[in-house]
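Engineer: Take a look at this one; I'll ask things after.
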Amino acid sequence: MHRPLIAALAFTAAACQAQDFPARAINLIVPNPPGGMNQIHAQPLGAVIEKLYKQPAPVLNKPGGTAAAGTAFVANQQPDGYNVLVTTPNIYLAVEKDKVYGIDSPYKLEQLAPLALLSADPLTITVQTEKPIKTLNELIAAAKSRNGEMSFSSSGPYSITHVPFAMFMESSGIKMRHVPTTGGGPAVIQLLGGHVDTTMQGLGAVAPHVKAGKLRVLALSSLKRSPSVPDAPTLKESGHDVEAYLWVGLFATAGTPEATLTKLRDVIRKSVADPAFQDAMRKADVVIDYRDAAQFKEFFDSDYKRLAGAVKKIGKI
């Protein structure tokens, strides 16, 4: 068969695939255990996709390796648009961690195609309300007086809830014992149970417990304060040069035909605009910051550059 004919047939097949998309279930892959920010976004997004397109959109949790296992799963799938990664900055932090240890990552960033940014939540430094610490300066003073005895939980070594806290510790001149877990949900549970003194998590992950009076937000990692916790200062205004976000974005397997990617981005855009998804995010105290692929890539590159250096400073643990 002649090459031009083969190319024409391939183009026709890809066009038909895109036209019919979605023709079956779109799997939303969360590379963490249930309970964290990825889950908060994925669950209502899947429900809306099912409602609008009459196709299942199950949320599949594939935790492990600071989100590396689930990320590698999507990176190595057939490039057909039917497996969508719902992830955070851990997508590049895991790669930077592997560089520190001189090992090969189970995936390369080039294996994933950005689809859309859903939100960019500020990270929060949070404590139990029943503890006497009420301000960031009080936390710093307590940590200095106890000389490394206090502890903080994270969603894993070199994760987005570990690296910015390490930046804060360096800025404030304190040391705390790191208690890594397998995700944002387990890290918050560690704090609620009194097993650690503080944690740095996305506002959406701690908001229900703040509303319930169980947790107190001491500071935010964003440039601006949040209307959800207006009394909590930013780390910048508190004198610490730390800016970081627990953003949640969507990625497809690289190599997916452009026509299919266009249709998939359209599915996501319409689903994010649906009142049901918007309401779910409001209830979770998550501010939607939707950006399509090009704008998301620009945001991603800037964020990556800001935190990659911090991973190198942490070094081997």
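The values are calculated or read from the model by the stated rules, or taken from the named source; none is laboratory data. Since we're looking at a predicted model, the values are computed, not measured. Using ideal geometry, Cβ is built from the backbone for each residue, glycine included, and neighbour counts are taken over all protein chains shown. Heads up: the accessible areas ignore ligands, DNA and RNA and are worked out on the full protein's heavy atoms, side chains in. Shrake-Rupley method; radii C 1.70, N 1.55, O 1.52, S 1.80 Å.
Engineer: Within 10 Å, count the other beta carbons around each residue, average over each peptide in 282-288, 104-110, and list them highest first.
Structural biologist: Averaged packing, sorted descending, gives the order 282-288, 104-110.
Engineer: Is the shape of the stretch 277-317 best called rounded, prolate or oblate, per the rule: a/c under 1.5 gives rounded, else a/b larger than b/c gives prolate, else oblate, with a ≥ b ≥ c the square roots of the Cα gyration tensor eigenvalues?
Structural biologist: Details: a/c = 4.96, a/b = 1.78, b/c = 2.78.
Oblate shape, in that a/c is at least 1.5 and b/c is the bigger or equal ratio.
Engineer: Give the peptides 126-137, 67-78, 242-253 in descending order of average Cβ contacts within 10 Å, highest first.
Structural biologist: My ranking of the peptides, most packed first, is 242-253, 67-78, 126-137.
Engineer: For the Cα atoms of the chain, what angle does the longest principal axis make with the long axis of helix 293-314, in degrees from 0 to 90, nearest 10?
Structural biologist: 40 degrees
Engineer: While we're here: Give me the percent relative contact order of the stretch 88-180, please, defined on Cα pairs under 8 angstrom at least 6 residues apart.
Structural biologist: Relative contact order for the stretch 88-180 comes out at 31 percent.
Engineer: Answer rounded, prolate or oblate for the stretch 190-256, using the Cα gyration tensor with square roots of eigenvalues a ≥ b ≥ c: rounded when a/c is under 1.5, else prolate when a/b is larger than b/c, else oblate.
Structural biologist: oblate
Engineer: While we're here: Quick one: how many lysine pairs in the stretch 240-306 have C-alpha atoms under 26 angstrom apart, if they're 8 or more apart or on different chains?
Structural biologist: 4
Engineer: At 222 nm, what value in deg cm²/dmol follows for the chain if DSSP H runs of at least 4 each add -39500 (n - 2.57) and the sum is divided by all its residues, to the nearest 500?
Structural biologist: Theoretical 222 nm ellipticity from helices: -14000 deg cm²/dmol.
Engineer: Would you work out if the stretch 241-317 is rounded, prolate or oblate? Take a ≥ b ≥ c from the square roots of the eigenvalues of the alpha-carbon gyration tensor; rounded if a/c is under 1.5, else prolate when a/b is larger than b/c, oblate otherwise.
Structural biologist: oblate
Engineer: Length gain on complete extension for the stretch K305 to K134, per 0.36 nm per residue less the alpha carbon to alpha carbon distance?
Structural biologist: Value of the extension gain: 58.3 nm.
Engineer: Compute the relative contact order of the chain as a whole-number percentage, counting only Cα pairs closer than 8 Å that sit 6 or more residues apart in sequence.
Structural biologist: That works out to 27 percent.
Engineer: Quick one: which of 310-317, 255-262, 116-123 comes out on top by average Cβ neighbours within 10 Å, and what's the full order, highest first?
Structural biologist: Result, highest mean first: 116-123, 255-262, 310-317.
Engineer: Length gain on complete extension for the stretch D104 to Y290, per 0.36 nm per residue less the alpha carbon to alpha carbon distance?
Structural biologist: 63.7 nm
Engineer: Calculate the all-directions average of the projected area of the stretch 174-218's alpha-carbon convex hull, and give it in nm².
Structural biologist: Average projection, Cα convex hull of the stretch 174-218: 3.3 nm².
Engineer: Using alpha-carbon pairs under 8 Å, 6+ residues apart, how would you state the relative contact order of the stretch 198-299 in percent?
Structural biologist: Working: 63 pairs, mean separation 24.8, N = 102.
Reported relative contact order: 24 percent.
Engineer: At a 1.4 Å probe radius, carbon and sulfur cover how many percent of the accessible area of the chain? Show your work: numbers first, answer last.
Structural biologist: Details: 7610 of 13810 Å².
Taking all protein chains in place, the chain shows 55 percent carbon and sulfur surface.
Engineer: Average the reciprocal distances over every distinct pair of alpha-carbons in the chain, invert the result, and give the Kirkwood radius in Å.
Structural biologist: After inverting the mean inverse Cα-Cα distance, the result is 20.2 Å.
Engineer: Rounded to a whole number of µm²/s, how large is the Stokes-Einstein D of the stretch 79-131 at 20 °C and 1.002 mPa s, given Rh as the Kirkwood radius over C-alpha pairs? Write down the numbers at each step before the final one.
Structural biologist: Values: Rh = 14.3 Å.
Rounded, D is 150 µm²/s.
Engineer: Dipole magnitude of the stretch 233-314 about its Cα centre, charges +1 at Lys/Arg Cβ and -1 at Asp/Glu Cβ only, in debye to the nearest 20?
Structural biologist: 200 debye
Engineer: I would also like to ask the following. Under 5 Å between amide H atoms, partner at least 5 residues away or on a different chain: which partners does D289 have, H built in plane at 1.01 Å?
Structural biologist: Here the answer is S119, A120, since their amide H atoms fall under 5 Å of that of D289.
Engineer: Taking the Cα centre of the chain as the origin, how large is its charge dipole in debye, to the nearest 20, when only Lys and Arg (+1) and Asp and Glu (-1) carry charge on their Cβ atoms?
Structural biologist: Here the size comes out at about 320 debye.
Engineer: Given the options H41, S302, T126, identify the residue whose Cα lies farthest towards the positive end of the charge dipole of the chain (+1 on Cβ of Lys, Arg; -1 on Cβ of Asp, Glu).
Structural biologist: Result: T126, furthest along the dipole toward the positive end.
Engineer: In whole Hz, with x marking every Gly and Pro, tabulate ³J(HN,Hα) for the stretch 29-40 from phi via Karplus 6.51 cos²θ - 1.76 cosθ + 1.60, θ = phi - 60°.
Structural biologist: Values per residue, Gly and Pro as x: 8, 9, x, 9, x, x, x, x, 5, 4, 5, 4 Hz.
Engineer: So, one more: In sequence order, what are the phi-derived ³J(HN,Hα) couplings for the stretch 227-236 according to the Karplus relation 6.51 cos²θ - 1.76 cosθ + 1.60 with θ = phi - 60°, rounded to whole Hz, with x for glycine and proline?
Structural biologist: Whole-Hz 3J(HN,Hα) from phi for the stretch 227-236: x, 6, 9, x, 7, 7, x, 7, 5, 4.
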